[in-house]
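Undergrad: Before we start, here is the structure in question, set down as structure tokens.
Taken together, the values in this text are just the output of simple stated rules run on the coordinates, not laboratory data. Model, not experiment: these values are computed from the prediction. Please note: Cβ atoms are built from the backbone with ideal geometry, for glycine as well, and neighbour counts cover all protein chains shown.
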Amino acid sequence: IGLLGDVLLRATPWGLNVTLFNIAFAAAMITLLWRNAPQFLTRPTIALFGALIFFASMFTWRDAIELRVADTIAIVAILSIIFIPRMKIATQIAGVFQYGVAFLWSGFNALFAPIMLMTMDIQWAKIPRTGATRHIVSVLRGVAIVTPLLLIFGGLFVAADAVYAGWVQRVFNIKPEIIVTHVVLTALFAWLSAGYLRGVLMQDDDTFSSPIPAVEPVASVVETTTASETSSPHLPNNLTVLEHINLSDPPNQPQPPKAEAPPKAEPARWDWAKFDNTVMPGGLTLGSVEIAVVLGLMNLLFLSFVIVQVPYLFGGMELVQNTPDFKLAAYARRGFGELVTVAGLVLPILLASHWLIRKESRVATILFRVLAGIQIALLFVIMASAAQRLFLLTGELGYGMTTIRLYPLIFMSWLAIVFVWFAATVLRGARNHFAWGALWSAFLILGATHLLDPDAFIAKTNVALMQQGRDFDAYYNSRLSDDAMPVLMSAFEDLNPKAQETVVRRFAERYQESKCEGDLRSWNLSRSRTQKMLTSNPDLVREMEAINALRSHRYNRMGETVGPDCGGERDG
């Protein structure tokens, strides 16, 4: 895996290489689990592996940097959640807290578990040394000893003779920094993968040197007789010793049961499935009074804002325009981001408040359900107000769509689904199902966002507004990812001359950059489609080459080097 990571992921921009690496990593993990811990290969785990491969494959489809960041976060989250079964709790009933612990635990294992793997898990002394393995340790020791000597004497020889130095450079035509980067990347991927896989595979009851319990010797019963007994074969009543023993202890008598030793109490183990607020001091938990005060005051605050927003929410654009000293931009821009933040903060507050409710307080639980339900209803009105502000800002009289307007709207749409799921699970006493459903709703929204193609959607929206007479920001739209390039090309004839010049300059830059993107490891559908589009029009190619030639001439006169900068030896 270390070698594969170095070979694939050093090529940028990322595309097919991310997909291939994650498929290989998932296949390796599934194989190891199947061979060593098949009990962890449950349906939820298989579903998570499927989601991981899906989001990794999105690197070969879309080019928007926001989507690639979201896909990366999704992959990291999936790798973290795969650790949940190690906490002795089913993945689909784990809580948000357990998900957070799994993230920290997986990261800790990836960083530090290789130390335990190398020092404790692998019993080096018991590895059979036959054939070449008998001498591998000695060879490695010899190489470690002689390497600094070779470097010292070799450096002296190179400095002493120019002919010898030229010969060394021709034979070892490798830059030292290239070797270092290959070694570092290989070691990094190998180290993180070893630590992560060890954390996934190791069981709590795994032992590497279980001591054999010592067997207590059983004292043998030896019949002994005193000197008087041996010398006198008969006792009083003219009975022998054996007859006396039989009279005092008749044979075949039932023996009294032996008292059994009390079983040793096993040390209590931490149970993540039963983690609740009983671990907290009583003063930090919430009763009915605290719930009423906290959620009641928050509801009053939310209600005061909703009362002010209702006229604008139902009055629409007409009320906004007719309000004195009230500008559309001030109304839309000022509120949207703040309201999205409010919606994002309410969820963790409600989850934390519900977790802190005292178990014995039934009144507090009922009060929480009522007040939280009211707060969610008020929050939906606030979210509707935020959505209305965005529609005004990007509508016919607005200023167009951008990424910082579209992605918060998508995030808020996911929050709406999560709050409905919150009401269906937490408020109905099924909190253990909330996190799993919220996770898959996030995966669903992210998958739908890929289908939407955000950058292309933004460009289409802004082109449609331009055709209705609104201004078109050619510079911003041309700086979107390659997902938006086909939209700009199809609308090129509708642009004014100044906008066309801006777009063509951006096309020229992409044409220059595309000369460095022939590596199959970086293949991406959007980038490949853009390259074909730019090179299929001869007139456009000549114009782009002329622009790049003029740019090159201008910078060369300033003493700078221009041209396709492919990052030197970035791809090995």
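Undergrad: Take the cross-link list Lys126/Lys274; Lys460/Lys515; Lys88/Lys126; Lys126/Lys175 and give me the ones stretching past 29 Å between alpha-carbons.
TA: Lys126/Lys274; Lys88/Lys126; Lys126/Lys175
Undergrad: Using packing as a proxy for protection, rank 61-71, 280-290, 345-355 so that the peptide with the highest average count of other Cβ atoms within 10 Å comes first.
TA: 61-71, 345-355, 280-290
Undergrad: I'd like to compare 35-42, 508-515: which one has the highest average count of other Cβ atoms within 10 Å, and what's the full order after that?
TA: Highest-to-lowest ranking by the protection proxy: 508-515, 35-42.
Undergrad: In the range 402-533, with Lys and Arg counted as +1 and Asp and Glu as -1 at Cβ, which of these residues, Ser522, Asn477, His433, has the Cα nearest the positive end of the dipole, that is, farthest along it?
TA: So the residue furthest toward the plus end is His433.
Undergrad: Here's another thing I want to ask about it. Using the per-residue mean of other Cβ atoms lying within 10 Å as a proxy for protection, in what order, highest first, do the peptides 360-368, 106-114 fall?
TA: In decreasing order of mean packing, 360-368, 106-114 become 106-114, 360-368.
Undergrad: Relative contact order (percent) for the range 47-161, with alpha-carbon contacts under 8 angstrom and 6 or more residues of separation?
TA: With pairs under 8 Å counted, the relative contact order is 16 percent.
Undergrad: Let me ask something additional. Give the Debye-formula value of log10 I(q)/I(0) at each listed q (0.14, 0.19, 0.20 Å⁻¹), with one equal scatterer per alpha carbon of the range 1-122, two decimals each.
TA: -0.68, -1.20, -1.29
Undergrad: OK, next. Around Leu286, which amide H atoms from residues at least 5 apart in sequence, or from another chain, sit under 5 Å from its own amide H, with H modelled in the peptide plane?
TA: So Leu286 has HN proximity to Ile357, Arg358.
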